[in-house]
Every structure is written in structure tokens, then in C-alpha cells.
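One structure is given below, encoded as C-alpha cells.
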Amino acid sequence: MAALSEIVEVKEGETIILAPKTSVFNKIPPKSPVFYNPAAKLNRDASLRIYNAYASSTCSEITFGDALAGVGARGLRVAKECRGVAQVYLNDLNPKAIELARCAAELNGVSEKCVFTTEDTLLFLAEHSTPGKRFDVVDIDPFGSPTPFLAAALRAVKRGGLVSLTATDTAVLCGVYPKVALRRYGGLSMRCEYGNEVGARLLFGAAARLAMSLNAGIVPVFTQASRHYIRVYFTLEKGVLKAEENLTNIGYLNHCGKCGYREVGAQSNICPKCKAKVMNAGPLWIGEINSKSILEAALNLRAESSKPADKFLSLALGECGLPPAYYVVDRVADRLNVLTPSIEDVIARLRVMGFRAVRTIFNPKGIRTDASKEDVEEAILSLGK
């Protein structure tokens, strides 16, 4: 373990995290001797709000399984800051990371709530895959793709339980390597202005297909995406009917790079608007990717320490009920060869035209709307002259 002089205390929310100086002060945190990413604090802030909202919806205290815990940044915060959590299991193959997590648990006064293990991730999940041992919440936050752990995570969570997954292979999910996405996630990714949304839907699609093989279905709860990661949350619902319901939410996203037309459903080859060849992403999840009820509950649990997370949760809530594939205003304006109007003006114009229109959590320049491509273009043309 790193010398004590090389370990620093980091305050996240109400929790003290112990981490190497090199992780805290380097722009790119090293993996050795242990990994801690301070830039992911906002990610963890949002997750705490989702976990709290989920816990408040259950009738009993919950258990949380942090399968790739590292120094315990997420698991310790759950133990310290989540109401209604009975026990948190923190597992990591790196004994140095778990020793830091154990020491931090003592500092935070949550040792009695925590169980520490240094097992292989798949073994850890397998040991909790039988009735009576399953978790209410399972978190998988690896380097790269979560798919090697996904089937085991679904078996280790209770029916009705919550799963959160992080993928950091964003180049694969967002269309740089579509064939690798097909191999890892069972669907082609696509390089387009909403490629990160395509990546999130591929991740949901992979989870849904595995759930269906277990006679279960998923219900998406919340989605986050950045340059470096895509993170999704969903509950696992038991029953053949839920599995069959998931089938109706698996399809393709077709996109025309020439005119910007997009549609979801069956795979197609020719754009119905300009007759150019279209790109296809999928099969992937084409249904809702956020839960209105959970997000409303999360926003009602406002906390001073996680105010920045309010913005993300509010954006996601606003997108509920709107179709896939957002529009990037400057991309549309460039294609139309007009000046780029402000996003606020475009949203206001679309609303005057009778459509729903909001900002999207996926892109600060993006708009999600139920307006057609032609209506979006008309709004931007009217403002960009």
C-alpha cells in the first residue's frame, strides 16, 4: 500500500474518501497503486440521488453491491449518505484499494454497514445470485465495457432491483468502431451527432436481451453520457410478460447523413426524404430511457452537496415522453447554410409551433423534440436568416 504520506482525504458530499495524491492532483488519474477519479464526483452525486429515490420507493431497507469498488468512492457514499440502506458490500480484486476503503469506512463511522471483499468480480456476483443473497442494487463501474459482468449482475440483483452500469469504451459505443460494438453489445453503433445516445441505447439493448433470456425485462430509470463514459440505470422486472414487452422496445435507429432524417423501428436502407443511403444503428433500445417517477422523486430529495446534479436530473426529466434522436442546432444550421440561432430561441419557436421541445442531457447544443425534421428546419430557418 502507498505510504500514508501519499494518501490524502477527499471530501465528496458528506463522505471522506482516502485516495493517493497522484489520483487527486494528476489530470489523468493513474490506475496504480489504486484508482480514484475525482472528475467523476458529479456522476456519483447524481447516482446518490437515484439510489436515494429508489430506496425511498421500497418498503424495507436495501442492500447495495459495489462489485468494482476501487477505493470505495461510490459504495462509501451510499453507506454514509443514502437513507434506507442496511448494508453495503464493497468488492475489488485490488487489496490496496479495499484497505483504503476499509480505513475510510472507519473515518466515516459506517464500518458496521460495510462488508469488504477482494474477490474476482464474477465470483463475487455469483456468490450473491441465489434467493436470499441477491442485492437490491448492483453497481458495475469497470474500465472499458461492462458486458463481461452484465449477465452475472442481472443474476445478482433481486427482481424489481436496480442495476447501474458504466461503460468507458465510448469510441466503440459512439460509432468509431461499429463492428466492435456489434461484437460487444449485439448491435452496430453509429457515428452521428447523437452518437452518445445511440451508445446508451446499445447498452440498454444488451441488458434487455440478457434479461429476456432470464424471463425478465428491464425498465430504464436514468441515463448519463459524457465524452469519457456512458452510464445507465434500470430496474429488473420479473416475468415473461415483461420480457415480451421488452421485445417491442428493440429495434433500429436509421439516420441519413445527407439530409439529417432519422427514424426508429425496422432497419431500412434508403432515406424516404432524399433517397440517399442511410446508416443503421442497432438492434438497440428504442423505448424510454428515463423514468419520470424516479426522477421526480430524486429531484424532491434536493441536497446542498449535490446541487449540480439537479441540472442533469431536470434535463432528463424534461426529456421523458419524447422520441429518440435529438437535434444539434449548429449542425442543422450548417446543413441549411444559415446563421446558428440560440438554442433557447429554437426551443421557443418550436413550442409556438405547437411542439414539445427541451434541451437534452446528452449535448449542451442539443434539442429533443416531437417535431419532425422539416419542422425543426423551418424553426431554424425562420430564426437564422
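Rounded to whole Å, give me the distance from the Cα center of region 354-385 to that of region 156-197. Computed from Cα coordinates, the inter-centre distance equals 26 Å. Only the Cβ atoms of Lys and Arg (+1) and of Asp and Glu (-1) were treated as charged; on that basis the dipole of the chain about its Cα centre amounts to roughly 840 debye. Cysteines in the chain lacking any other cysteine Cβ under 4.7 Å from their own Cβ: 59, 82, 103, 114, 174, 192, 320.
Out of all DSSP beta bridges with both ends in the chain, state the antiparallel percent to the nearest 5.
Numbers: 38 of 55 bridges.
Approximately 70 percent, going by the DSSP bridge assignments.
When only alpha carbons are used to place a centre, region 212-239 and region 33-58 end up 16 Å from one another.
Please report the orientation-averaged projected area of region 159-285, defined via the convex hull of its C-alpha atoms, in nm². Provide the component values of the computation, followed by the final result.
Working: hull surface 29.4 nm².
The number I arrive at for region 159-285 is 7.3 nm².
For the pair region 86-150 and region 259-304, the centres of their Cα atoms are 33 angstrom apart. Take every Cα pair under 8 Å whose residues are at least 6 apart in sequence, average their separation, divide by the length of region 172-231, and the relative contact order is 26 percent.
Once Rh is set to the Kirkwood radius over Cα pairs, what Stokes-Einstein translational diffusion coefficient, in µm²/s, holds for region 104-147 at a temperature of 4 °C and a viscosity of 1.567 mPa s?
For these conditions, the coefficient is 102 µm²/s.
Choose one answer from 353, 279, 212: the residue with the largest mean-square fluctuation in a GNM of the chain with alpha-carbon springs under 10 Å. Ranking 353, 279, 212 by mean-square fluctuation puts 353 first. When the Cα atoms of region 149-199 are aligned to their principal axes, the ranges along those axes come out at 36, 20, 16 Å in descending order.
What relative contact order, as a whole-number percentage, does the chain give when Cα pairs under 8 Å and 6 or more residues apart are counted?
On the way: 837 pairs, mean separation 43.2, N = 385.
After rounding, I find 11 percent.
With viscosity 1.002 mPa s and temperature 20 °C, the Kirkwood radius over alpha carbon pairs of region 94-250 converts through Stokes-Einstein to a diffusion coefficient of 130 µm²/s. Only the Cβ atoms of Lys and Arg (+1) and of Asp and Glu (-1) were treated as charged; on that basis the dipole of region 327-385 about its Cα centre amounts to roughly 160 debye.
Taking other Cβ within 10 Å of each residue's Cβ, how do 240, 10 sort, fewest first?
240, 10
Where does the Debye-calculated log10 I(q)/I(0) of the chain sit at q = 0.07, 0.11 Å⁻¹, using only Cα point scatterers of equal weight, no solvent? The calculated log intensity ratios at q = 0.07, 0.11 Å⁻¹ are -0.33, -0.79.
Straight-line reach from residue 258: taking Cα to Cα under 20 Å and skipping same-chain neighbours fewer than 8 places apart, the aspartates and glutamates in range are 193, 197, 330, 334, 374, 375, 377, 378.
Need one number: convex hull volume per residue for region 170-224, Cα atoms only, in Å³. Kindly include the intermediate steps, with their values, before the conclusion.
Working: hull volume 3.5 nm³, N = 55.
About 63 Å³ per residue, rounded to a whole number.
Only helical DSSP H runs with n ≥ 4 go in: add -39500 (n - 2.57) per run for the chain, normalise by residue count and round the 222 nm mean residue ellipticity to 500 deg cm²/dmol.
After summing the helix terms and dividing by residue count, I get -11500 deg cm²/dmol.
The spread of Cα positions in region 327-385, taken along each principal axis and listed from longest to shortest, comes to 24, 24, 17 Å. Between 83, 134, 44, the Gaussian network model of the chain with springs among Cα atoms under 10 angstrom shows the greatest mean-square fluctuation at 83. Between the Cα long axis of helix 95-108 and the first principal axis of the chain there is an angle of about 80°, rounded to the nearest 10. Computed from the alpha carbon atoms alone, the convex hull of region 234-385 holds 134 Å³ per residue. For the residue pairs 80/238; 158/179; 41/96, alpha carbon separations beyond 23 Å are given by 80/238; 158/179. Tell me, rounded to the nearest percent, the portion of alpha carbon pairs in region 1-148 spaced more than 19 Å apart. Everything past 19 Å amounts to 50 percent.
With the highest mean first, a sort of the peptides 144-152, 162-170 on other beta-carbon atoms found within 10 angstrom per residue produces 162-170, 144-152.
Readers should treat all values here as calculations from the given coordinates under stated rules, not as data from a laboratory. Everything numeric in this text was worked out from a predicted model, so none of it was measured. As a convention, Cβ positions derive from the backbone with ideal geometry for all residues, glycine included, and neighbour counts pool all protein chains shown.
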